[in-house]
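Asker: Quick one: the structure is below, and I'll ask about it shortly.
The values are calculated or read from the model by the stated rules, or taken from the named source; none is laboratory data. Given the structure is predicted, the values throughout are model-derived calculations rather than measurements. Positions of Cβ are generated from backbone atoms using ideal geometry, with glycine treated the same way; all protein chains shown enter the neighbour counts. All accessible areas refer to the heavy atoms of the entire protein, side chains included, with ligands and DNA or RNA removed. Shrake-Rupley method; radii C 1.70, N 1.55, O 1.52, S 1.80 Å.
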Protein chains: 6
Amino acid sequence: MREVVIERDFTDMTPGSVLIAFGRTRVLCTASVEDSVPRWRRDSGLGWVTAEYSMLPGSTPDRKRRERNGAGGRTKEIERLVGRSLRAVVDMSRMAECSIYLDCDVLQADGGTRTAAITGSWVALHDACERLVAEGRIAANPVVDQCAAVSVGVVDGRAVLDLPYVEDSTAETDMNVVMTGDGRFVEVQGTAEGAPFDRDELDALLDLAIAGCTELFAKQRAAVAAPH
Amino acid sequence: MREVVIERDFTDMTPGSVLIAFGRTRVLCTASVEDSVPRWRRDSGLGWVTAEYSMLPGSTPDRKRRERNGAGGRTKEIERLVGRSLRAVVDMSRMAECSIYLDCDVLQADGGTRTAAITGSWVALHDACERLVAEGRIAANPVVDQCAAVSVGVVDGRAVLDLPYVEDSTAETDMNVVMTGDGRFVEVQGTAEGAPFDRDELDALLDLAIAGCTELFAKQRAAVAAPH
Amino acid sequence: MREVVIERDFTDMTPGSVLIAFGRTRVLCTASVEDSVPRWRRDSGLGWVTAEYSMLPGSTPDRKRRERNGAGGRTKEIERLVGRSLRAVVDMSRMAECSIYLDCDVLQADGGTRTAAITGSWVALHDACERLVAEGRIAANPVVDQCAAVSVGVVDGRAVLDLPYVEDSTAETDMNVVMTGDGRFVEVQGTAEGAPFDRDELDALLDLAIAGCTELFAKQRAAVAAPH
Amino acid sequence: MREVVIERDFTDMTPGSVLIAFGRTRVLCTASVEDSVPRWRRDSGLGWVTAEYSMLPGSTPDRKRRERNGAGGRTKEIERLVGRSLRAVVDMSRMAECSIYLDCDVLQADGGTRTAAITGSWVALHDACERLVAEGRIAANPVVDQCAAVSVGVVDGRAVLDLPYVEDSTAETDMNVVMTGDGRFVEVQGTAEGAPFDRDELDALLDLAIAGCTELFAKQRAAVAAPH
Amino acid sequence: MREVVIERDFTDMTPGSVLIAFGRTRVLCTASVEDSVPRWRRDSGLGWVTAEYSMLPGSTPDRKRRERNGAGGRTKEIERLVGRSLRAVVDMSRMAECSIYLDCDVLQADGGTRTAAITGSWVALHDACERLVAEGRIAANPVVDQCAAVSVGVVDGRAVLDLPYVEDSTAETDMNVVMTGDGRFVEVQGTAEGAPFDRDELDALLDLAIAGCTELFAKQRAAVAAPH
Amino acid sequence: MREVVIERDFTDMTPGSVLIAFGRTRVLCTASVEDSVPRWRRDSGLGWVTAEYSMLPGSTPDRKRRERNGAGGRTKEIERLVGRSLRAVVDMSRMAECSIYLDCDVLQADGGTRTAAITGSWVALHDACERLVAEGRIAANPVVDQCAAVSVGVVDGRAVLDLPYVEDSTAETDMNVVMTGDGRFVEVQGTAEGAPFDRDELDALLDLAIAGCTELFAKQRAAVAAPH
């Protein structure tokens, strides 16, 4: 697995702000709080957690065009994935009808941006909730478990963990796995890019992903244990 | 599994046209051919296969609003899934730089629309390619294997195959599995809607999905074996 | 006139659902009910009837692109025509501030899609209203008369009824006529595609349209007389 | 009929520019020329004539919102009508693959804006073509006949010519008629706003429209006969 | 300075309507009143003044395309400038929570359209407010000072006042200056189009702009002094 | 003036990448190179420099909504300003028909984001051009002078340099000044937010801006003098 670095409070305008690096991939994850929930959720007593994702134009060697006429399919897919993943570890009944937006802006993209986004957003979410508790806006931290994600793939017939872009783009199979701190799955998304994969390959990829997430959970715990 | 009915040549304007039913779910899958490929693929000697998906407003009890200001996230996600799935069984080098559009329009939605769309689109694609061969526009049928998909889920702690809407909306886990005729996977997309799932549950769901796809392959073969 | 076939309850998610064929042209007309009216009509004691129209991509030999960046001029023109036509035979004061959406989705297009849409929508509207009465949501059926439409045209100097696409596209004059069951006009829209037309031609076209609508009224009555 | 005033060369940036008034209704019609035709018409040897229509925000007592997110249904309908009407009197083979845009901007709206737009655009088109001939860009004036339009309606059971807004909004039937100088019809668009209309009413409205257009043709001839 | 002509009540649907000419440049400025303010301003006791700007397609020799997919950068910049300028001379507390829209539609563009728009809008705003007072809708005229604008530029090394298009497009420096009747500045926007400018040039341009605005203030006073 | 920190090569995917801080304001400026120019500039022998600007959602205490349906007026105004400013110091004839995009993404916003964007973009542009020269893609560095910008304002009647948000939002007058290294002006944009300003105030603001830009030029020179 590439080196993972988690830098908390990278910016100071939002209650959660994390710059996470998976190798050369760097994603800024901020957690903003709003004192309302979407219309369809009002008067439910529940809060809401959602995510947005964007790649900065300079995040890739070939300039990435801004999505100003609506987000593209890939972007929306990632946003839905990040949001679902984090909601899986949040007890919305403790959120007092407020919304937390996790904004994942990719400063540099070298593969694994969505898994870095999930892993970093969890830290930003944790920090924001701690501050909400400290300010007395909510009674107890609604984050009930950790959540992290890693990509695995089959490259040249071999299962590989946390693929950088160069490997990712040539992988025969690409899988993103989102797990909770208790070792269960939130998402398993495996895609054959080249040849389809069989069940043995699937099992080998899952083994590797579990090992990767276990490592990420340790990084997250170390990060949030430090004072800030 | 709910009753599956495949009706070929439901309309007659396009070389492939299939109305597929998974229980009450009904999807019209048409295959249209264009004599060009997207710009980024020109002069590659390769063809292209892509998909679009839409739910008719009357396909659900609560009217579904048309997506006239851009397709939503769910729609784009499904379109990408259908396209990727079918490309996995097509040898693009046999397509002579033409494009095939698979349009999946849901006439009635009762859960499993994306898996019905994939399964039905394969038949429409097959028929369109047969006709291209018959007309001499391409030399050999580029469809090299079957492709089918099924949804599985955990409902009340039990693995269930091909969920109708009522079960789907209450499932703890929802998984879509796309397979090729030789028993391998193109896509495995498992999502915890409620509690995360563990590896045993994942394995049980995969077993069920394999059984379901096997049944669908038989239905597809029976369909395309009939004269039309 | 081409053969007209009206199939009620083609789908079963909406209170009205009609698949109507004018020759090879086939349009699915569904009637969905919502328990509210547009903002500008609130507290008027009146209901609302409106229509949307779309051609499926596979409805034509050359694939029809989806209108995802706003409906085009032709589409909006047809939607306004269908809505106006049906509102002409509805007593909105009997609708209890609910809205009925008539969605006309063209499965196969061979000329006359807008006239088929109007004629089929009337049956879907009738069925939906009957069910609203049966459910006790409204006291009396607000549909006070029949409504049907037909196209007529001048082809090679001769007035022709219900033009299929091949004739329509070469017609010198194209006219759509919408009538009510009592023999009056709701819309008369005549357009010279080639040479302008004189008053005699106009009169001959109107005669033909009246004959066509009379035939359609009989088909509609037969359809709604059958139990379902 | 309300007083009709045609002011040529109201602006001087385009080869045709006409401010036309039908009573209080005032529409600025400019004709701009481009040295190319739309892509689908290239290499046909034919030119193209098209129209756009817009109401200025201050043209109505209640401010009219600008259509900056796509033109609405009514606007597109009018644009199509104006373009079709003028194309009916143009011999495109004399236009040397150039395009003429007729822009109809309503400065003040008091009913009949679309008919004023057609009638005024004809003069702007005529002037622009005269100048193209004078400059030697085309060999002969492609405008082969006059074209004018008028609205008629049934108000309080009586056929009325050229309705101002107050009458138009209460008319039971509203009809727009576009004619050519030789007394034939390009468009006949009759719509029942309230009760449907019968054939006698239709005939009375047509008689009135013919009289109105005849008057407009005289006004147009007087306008273009004057030196400028 | 080019000849400036101010024609009040050019149209009669809005309480303020001014056609202003700076040489060949002609802008129609209408002032429409609405009995509400934007959401963010409600219950403040304050009114609102805002502006929109558009160039008609026929206002330039090369046809100007309509901005139907959102206003462009230049348009929005001008709209913001016009709105800010006029708000600088309005006491919003006297407006009784109504909004005034200044719509500046350029009929003919020959340079200086934004400065003509500001200068003409002031007259339209003045007239509209006078009428609001006359109707008793507001107690006192909220327009507390005059506001006018002029462009200045460096052409061939020489400071020039009120540049027509031909000079404007070749100017080395272009500056728009908005002033109030008491001789102070609301906006100073100087832009080097070619070589940057030094402080002496800036001072010379400001001197010229002050002279130009002084002349415009006299024109405005003469215009509003006349009965209408 | 607040502390200014310039960090070069903050990311490493683009030939220029600068994180610039003006106090708490932090803007990431990347320079991406494309081997083509916009269509209207082709075959001119000239290159092109343009800019885009965006605020990240987490850059402000109240979350800033992404501009996914088109950039707003303020954004476009800033983008045009940044692009114009940098083009003023570039000799496009040395750019070999390539385009440089300066992307200014605000990570944290505390006033002065546009002036930080210009000042930082100059360094990113310089670095990118140095690398283009080093790679032999262009013969000589086209950046012919420095360019920096600063905001000045009148707060409580006193001229103040480089306003943070809290002061900026209460300033009576706000002025942005863009200068070149030789002490001349590219842009002077002064706006009265409250009371209009007189000529003495204008002169005092310009004096202050000149002092600020002089300081920024020194910072830029120090930054680009360091090896990297």
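Asker: Please go through the range B:168-198 and pick out each residue that is more than 24 Å from B:LYS219 (Cβ to Cβ) and surrounded by fewer than 21 Cβ atoms within 10 Å (Cβ to Cβ).
Answerer: B:SER169, B:THR170, B:GLU172, B:GLU193, B:GLY194, B:ALA195, B:ASP198
Asker: Moving on to the next point. What are the residue pairs meeting all of these: first residue in the range A:207-221, first residue closer than 11 Å to A:TRP122 by Cβ, second residue part of a helix (DSSP H, G or I), Cβ atoms under 6 Å, and 6 or more apart or on different chains?
Answerer: These pairs meet every condition: A:LEU216/A:THR119; A:GLN220/A:VAL123.
Asker: Which of the numbered conditions does B:SER54 fail, given that it passes all the others? Conditions: (1) more than 24 Å from B:THR170 (Cα to Cα); (2) within 13 Å of chain C (Cβ to nearest Cβ); (3) open to solvent by 10 Å² or more (accessible area, probe 1.4 Å); (4) among the hydroxyl-bearing types (Ser, Thr, Tyr).
Answerer: So the condition that B:SER54 fails would be (1).
Asker: Turning to a different aspect of this structure: Take the range A:48-91 and flag every residue that is more than 18 Å from A:CYS129 (Cα to Cα) and among the hydrophobic types (A, V, I, L, M, F, W, C).
Answerer: The answer is A:MET55, A:LEU56, A:ALA71, A:ILE78, A:LEU81.
Asker: Among the listed residues D:ALA192, D:ALA159, which satisfies the condition of being in contact with a Leu (Cβ under 9 Å, 6 or more places away or on another chain), modelled with pLDDT under 95 and of a type in the set (A, V, I, L, M)? Break it down stepwise before answering.
Answerer: Details: D:ALA192 fails: in contact with a Leu (Cβ under 9 Å, 6 or more places away or on another chain).
Exactly one residue qualifies, and that residue is D:ALA159.
Asker: Do the conditions hold for E:GLU34, that is, is it facing another protein chain (nearest Cβ under 8 Å), buried (at least 18 other Cβ atoms within 10 Å of the Cβ), in contact with an Asp or Glu (Cβ under 9 Å, 6 or more places away or on another chain) and under 24 Å from E:ASP127 (Cβ atoms)?
Answerer: no
Asker: Please work out which one of (1) open to solvent by 10 Å² or more (accessible area, probe 1.4 Å); (2) more than 25 Å from F:ARG2 (Cα to Cα); (3) among the hydroxyl-bearing types (Ser, Thr, Tyr) is the condition F:SER99 fails and give its number.
Answerer: All conditions are met except number (1).
Each row is one residue, and each column tells you yes or no for (1) of a type in the set (Ser, Thr, Tyr); (2) modelled with pLDDT under 95.
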| position | (1), (2) |
| --- | --- |
| C:ILE6 | no, no |
| C:ASP9 | no, no |
| C:THR14 | yes, no |
| C:CYS29 | no, no |
| C:SER44 | yes, yes |
| C:VAL49 | no, no |
| C:SER54 | yes, no |
| C:PRO61 | no, no |
| C:GLY73 | no, yes |
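Asker: Write out, first by first residue and then by second, each pair whose Cβ atoms fall under 9 Å of each other, whose residues are 6+ apart or on separate chains, and whose first residue, in the range C:36-62, is at positive phi while the second is in a helix (DSSP H, G or I).
Answerer: Taking only residues 6 or more apart or on different chains, the pairs are C:GLY45/C:MET92; C:GLY45/C:SER93.
Asker: Can I ask one more? From (1) open to solvent by less than 10 Å² (accessible area, probe 1.4 Å); (2) in a helix (DSSP H, G or I); (3) of a type in the set (D, E, K, R), pick out the condition that doesn't hold for B:ARG131.
Answerer: Every listed condition holds for B:ARG131 apart from (1).
Asker: Continuing with the same structure: Only one of C:ARG94, C:ARG114 is touching a residue at least 60 places away in the same chain (Cβ under 8 Å) and open to solvent by 40 Å² or more (accessible area, probe 1.4 Å); which?
Answerer: None of the other options fit; the residue is C:ARG114.
Asker: Tell me, which residue of the range F:76-122 that is small (Gly, Ala, Ser) and under 22 Å from F:TRP40 (Cα atoms) is farthest from the other protein chains (Cβ to nearest Cβ)?
Answerer: F:ALA96
Asker: What tally of residues in the range E:199-228 results from selecting those that are open to solvent by less than 30 Å² (accessible area, probe 1.4 Å) and among the hydroxyl-bearing types (Ser, Thr, Tyr)?
Answerer: Of the residues in the range E:199-228, the ones open to solvent by less than 30 Å² (accessible area, probe 1.4 Å) are E:202, E:205-206, E:209, E:212-213, E:216-217, E:220, E:223.
Then drop every residue that is not among the hydroxyl-bearing types (Ser, Thr, Tyr), which leaves none.
Residues that pass the stated criteria total 0.
Asker: Go through the range B:142-156 and give me each residue that's free of Cβ contacts under 8 Å to residues at least 60 places away in the same chain and within 15 Å of the chain's Cα centre (by Cα).
Answerer: Selection gives B:VAL143, B:ASP145, B:SER151.
Asker: Step by step: first the residues of the range A:1-25, then only those that are at the interface with chain F (Cβ under 8 Å from one of its Cβ atoms) and surrounded by 24 or more Cβ atoms within 10 Å (Cβ to Cβ), then the one that is nearest to F:PHE10 (Cα to Cα). Which residue is that?
Answerer: A:SER17
Asker: Which residues, counting only those in the range C:185-201, are touching a residue at least 24 places away in the same chain (Cβ under 8 Å) and within 7 Å of chain D (Cβ to nearest Cβ)?
Answerer: C:VAL186, C:GLU187, C:GLN189, C:PHE197
Asker: Now, a different point. Counting only residues that are over 20 Å from D:GLU187 (Cα atoms) and under 19 Å from the mean Cα position of the chain (by Cα), which one in the range D:157-167 is most open to solvent (accessible area, probe 1.4 Å)?
Answerer: Only one residue fits best here, namely D:TYR165.
Asker: More than 14 Å from chain C (Cβ to nearest Cβ) and either in a helix (DSSP H, G or I) or charged (D, E, K, R) (or both): does that describe B:ALA171?
Answerer: no
Asker: Within the set of pairs 6+ apart or on separate chains, which have a first residue in the range B:68-89 that is open to solvent by 20 Å² or more (accessible area, probe 1.4 Å), a second that is at pLDDT below 95 and assigned to a helix (DSSP H, G or I), and C-beta atoms under 6 Å apart?
Answerer: Listed by first residue and then by second, the contacts come to B:LYS76/A:GLY73; B:LYS76/A:LYS76; B:GLU77/A:GLU77; B:ARG80/A:GLY73.
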